[in-house]
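The next block holds one structure in the form of structure tokens; read it before the comments.
The values are calculated or read from the model by the stated rules, or taken from the named source; none is laboratory data. What you are looking at is a predicted structure, and each value in this text was computed from that prediction instead of being measured. All Cβ positions, glycine included, derive from the backbone under ideal geometry; neighbour counts span all protein chains shown.
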Amino acid sequence: MLRFSDGHKLDDNFYVRQDGTRAYYFSTEYMDSLVKSCGFEVIQNEYIRRQTVNRKEGTSVERIFIQGKYAKIAST
């Protein structure tokens with residue numbers, strides 16, 4: 001679930017925050033195609049899940065990141 005309210009979606013996976021900054025959410029499949037098109041080999045590309053806890057407000061939010069390892073393909 002994304003934290004953006006109605007009217008903040010600019011495009012698929014592309015949102016604007018309240019302060020005007022923009023956020024794009026990549027899928028692992030999109031990252032694969034992006035780095036391969038730039039001449040890299042995908043070694044690892046996976047979602048990492050973390051819990052962020054705000055003790056003062058008593059909230060807990062799941063954060064999801066993409067962690068990737070890529071290698072530049074040597075030119076011959």
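Annotations for the structure displayed:
- Remark: pairs (first residue in segment 8-33, at positive phi; second residue assigned to a loop (DSSP other than H, G, I, E, B) and not charged (D, E, K, R); Cβ separation under 7 Å; 6+ apart in sequence or on different chains) = 13/25.
- Considering residues of segment 1-30 that are among the aliphatic types (A, V, I, L, M) and outside any loop (DSSP other than H, G, I, E, B) only, the residue nearest to the chain's Cα centre (by Cα): 23
- Any hit, segment 31-45, residues being in contact with a Ser or Thr (Cβ under 8 Å, 6 or more places away or on another chain) and either outside any loop (DSSP other than H, G, I, E, B) or of a type in the set (S, T, N, Q) (or both): yes
- Scan of segment 46-64 for residues that are closer than 15 Å to residue 25 by Cβ and at pLDDT 95 or above, ordered by number: 47, 48, 49
- Selected residue (criterion: modelled with the highest pLDDT) from residues of segment 1-21 that are under 20 Å from residue 61 (Cα atoms) and aliphatic (A, V, I, L, M): 16
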